[in-house]
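Contents: one structure, followed by commentary.
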Amino acid sequence: MITGTLRTSKSEEIFAAAQQLMPGGVSSPVRAFKSVGGQPIVFDRVKGAYAWDVDGNQYIDYVGTWGPAICGHAHPDVIRAIQEAAEKGTSFGAPCALENVLAEMVIDAVPSVEMVRFVNSGTEACMAVLRLMRAFTGREKVIKFEGCYHGHADMFLVKAGSGVATLGLPDSPGVPKSTTASTLTAPYNDLDAVRQLFEENPGEIAGLILEPVVGNAGFIVPEAGFLAGLRELTQEHGALLVFDEVMTGFRISYGGAQEKFGITPDLTTLGKVIGGGLPVGAYGGRKDIMAMVAPAGPMYQAGTLSGNPLAMTAGIKTLELLRRPGSYEHLDRVTSRLIAGLLDVAKETGHAASGGSISGMFGLFFAEGPVHNYEDAKKSDLVKFSKFHRGMLEQGVYLAPSQFEAGFTSLAHTDEEVDRTIEAAKAVMSNL
Ligand code: KE4
């Protein structure tokens, strides 16, 4: 592995200035490379499967702006559609037919969604869905799972994943104890722990929210029977089951994890892909529950830019590209080849590693055995991951800058990128 050859002087200059202007020099913590160390890379432009930094270095990008770039960055059809839509104005603050179009596409695709509300981020979608769970059931307590991340709203910052896990923030300061007192947590893949919470809080639990495939503690899949068990437990106790598909929605299949695993929740949150790279989130589900949302019902939630024509257009075009025959077969093929190659290289070079992929989402841990939950993930070799991340960067491969994130491929990733990535991993892991 060639170390230190990456010219990053412009990144260093811009990031140094950024740190005087914005906390940590970033608009979102995980971008600061805190958990992997070293100089964060300042991007200049992205296209397809690639990113270029301000020093002119090229990278194969496996972050894809954390999921939205599933058709490849700056897809010409998406860019052209945004340009045309922008000519008619970027936001109306009034009903727009494009909201109907994207709403119909989401309702047609996602089994649980009979009615949908657009917002501007996954965080907003999860905040709103939590309020809706409580409004519909009249109950206050909610179960979440250790390592799952549902955005940065106060009530979710309890043993959360993603940037919270990365920065080791047990419970962020500024979050009132009273707010998180109603948030109960259980280990992922542990049905008995959930059963016990229901038994200890009879008639008090509004529902349960989870990532049906975890991407924010690293990549962790539900064990057989786990999702079905949660569906049964929530029905048994009159509680709602909510799938946070902000990351998995339209990524692990066109109908998300609920289609992939055949388990239909009561409510679903979405984001990322449905905005095609512009700010869009959404929550939706059973009509009888969504009927509570203002102005149809009493549960208040609002947003200046919600459903704006520009973001709707980017989402519509992205889903149109995704629903073309062969999209998910492509994502399955290239991503499973990638993770198989990385695991083979780890084995050949004597590093214990586990990992997997589902369609365009994958993850790798430097761990002896499979990772079933957040505790397992935290026991993986984080130092080795950091060295691997830096080495891959030197080789022109941009992986998520934290072990507690998932990786993403796109329709623009081909065998060429996968082969080059496996070659790079061989060079790096041989010197770890
Ligand atoms: P946003 O508010 O970042 O749009 O969505 C929050 C969210 C909710 N639910 C899930 C399952 C999510 O993965 C996310 C956001 N994901 C992170 C990546 N792990 C966003 C990246 C970041 O925070 O910068």
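Taken together, the values in this text are just the output of simple stated rules run on the coordinates, not laboratory data. Predicted model only: the values in this text are computed from it and were never measured. Heads up, the Cβs are rebuilt from the backbone with ideal geometry, glycines too, and the neighbour counts pull from every protein chain shown.
Considering only the other residues whose Cβ falls under 11 Å of the Cβ of Thr414, what net charge follows from Lys and Arg at +1 and Asp and Glu at -1? Don't skip to the answer; put the middle values down first.
Values: positive: Arg333, Arg337, Arg420; negative: Asp415, Glu416, Glu417, Asp419.
Combined, the nearby Lys, Arg, Asp and Glu give -1.
Scaling the Cα radius of gyration of the chain by the globular reference 2.2 N^0.38 Å produces a ratio of 0.95. Placing +1 on the Cβ of every Lys and Arg and -1 on the Cβ of every Asp and Glu, with nothing else charged, gives the stretch 258-371 a dipole about its Cα centre of roughly 320 debye. For the stretch 165-296, the residue among Ala193, Ile289, Ala181 whose Cα projects farthest onto the positive side of the dipole built from Cβ charges is Ile289. About the centre of its Cα atoms, the stretch 104-166 shows a dipole size close to 340 debye [charges on the beta carbon of Lys, Arg (+1) and Asp, Glu (-1) only; nearest 20 debye].
Among Glu124, Glu245, Glu13, Glu204, a tally of other beta-carbon atoms within 10 Å of each Cβ gives an order, fewest to most, of Glu13, Glu204, Glu124, Glu245. Candidates Leu21, Ala74, Phe365 compared by Cα position along the dipole of the chain: farthest toward the positive end lies Leu21, with charges placed on Cβ. Farthest toward the positive end of the dipole of the chain, out of Tyr254, Met429, Cys96, is the Cα of Cys96, where the dipole comes from beta carbon charges about the Cα centre.
Starting from the Cα gyration tensor of the stretch 216-325, take the square roots of the eigenvalues, sort them a ≥ b ≥ c, and report rounded, prolate or oblate (rounded when a/c is under 1.5, otherwise prolate if a/b is larger than b/c, else oblate).
It is oblate, given that a/c is not under 1.5 and a/b is not larger than b/c.
Across the stretch 283-297, computed HN-Hα scalar couplings (Karplus, 6.51 cos²θ - 1.76 cosθ + 1.60, θ = phi - 60°) run 9, x, x, 4, 4, 5, 7, 5, 5, 7, 7, 4, x, 5, x Hz from first to last residue, x flagging Gly and Pro.
For the stretch 77-174, the set of trypsin sites (Lys or Arg not before Pro) satisfying both a DSSP loop assignment and a count of at most 13 other C-beta atoms within 10 Å is given as Lys88.
A helix-only calculation puts the chain at -11500 deg cm²/dmol for mean residue ellipticity at 222 nm, using -39500 (n - 2.57) for each DSSP H run of at least four residues, averaged over all residues.
Pull up the DSSP beta bridges for the stretch 157-280 and report the antiparallel fraction as a percent, rounded to 5.
Values: 1 of 9 bridges.
Percentage antiparallel, nearest 5: 10.
Bridge orientation summary for the chain: considering DSSP beta bridges with both residues in this region, about 60 percent are antiparallel. For Ala412, the residues 5 or more places off, or on other chains, whose built amide H falls under 5 Å of its own are Gly72. Largest GNM mean-square fluctuation among Ala206, Ala311, Ala94, using the chain with Cα springs under 10 Å: Ala94. When DSSP beta bridges are restricted to pairs lying wholly in the stretch 234-357, around 45% turn out antiparallel.
Protection proxy ranking of 61-72, 321-332, by the mean of other Cβ atoms within 10 Å over each peptide's residues and highest first, is 61-72, 321-332.
Where is the GNM fluctuation largest for the chain (alpha-carbon springs, 10 angstrom cutoff): Asp376, Asp288, Asp344? Ranking Asp376, Asp288, Asp344 by mean-square fluctuation puts Asp288 first. Taken along the Cα-to-beta-carbon direction at a fixed 7 Å, the label points for Met292 and Lys10 span 5.2 nm. Shown in residue order for the stretch 180-186 are the 3J(HN,Hα) couplings computed by the Karplus curve 6.51 cos²θ - 1.76 cosθ + 1.60 at θ = phi - 60°: 8, 4, 8, 9, 9, 10, 9 Hz (x for Gly and Pro).
Compute the projected area of the convex hull of the Cα atoms of the stretch 265-408, averaged over all viewing directions, and report it in nm² to one decimal place. Could the numbers behind the result be given before it?
On the way: hull surface 48.0 nm².
The number I arrive at for the stretch 265-408 is 12.0 nm².
Shape class of the stretch 8-88 from the Cα gyration tensor (axes a ≥ b ≥ c, square roots of the eigenvalues): prolate, since a/c reaches 1.5 or more and a/b is larger than b/c.
Backbone amide hydrogens, once placed in the peptide plane, bring Leu184 within less than 5 Å of Val142, Ile143, Lys144, excluding anything fewer than 5 places away on its chain.
Find the relative contact order for the stretch 193-302 and round it to a whole percent, using C-alpha pairs within less than 8 Å whose residues are 6+ positions apart. Present the calculation step by step, with values, prior to reporting the outcome.
Details: 145 pairs, mean separation 21.1, N = 110.
Relative contact order here is 19 percent.
If you place +1 on the Cβ of every Lys and Arg, -1 on the Cβ of every Asp and Glu, and leave all else neutral, what size is the dipole of the chain about its Cα centre, to the nearest 20 Debye? Don't skip to the end; give the middle numbers.
Details: 36 positive and 48 negative charges, 121 e Å.
It works out to roughly 580 debye.
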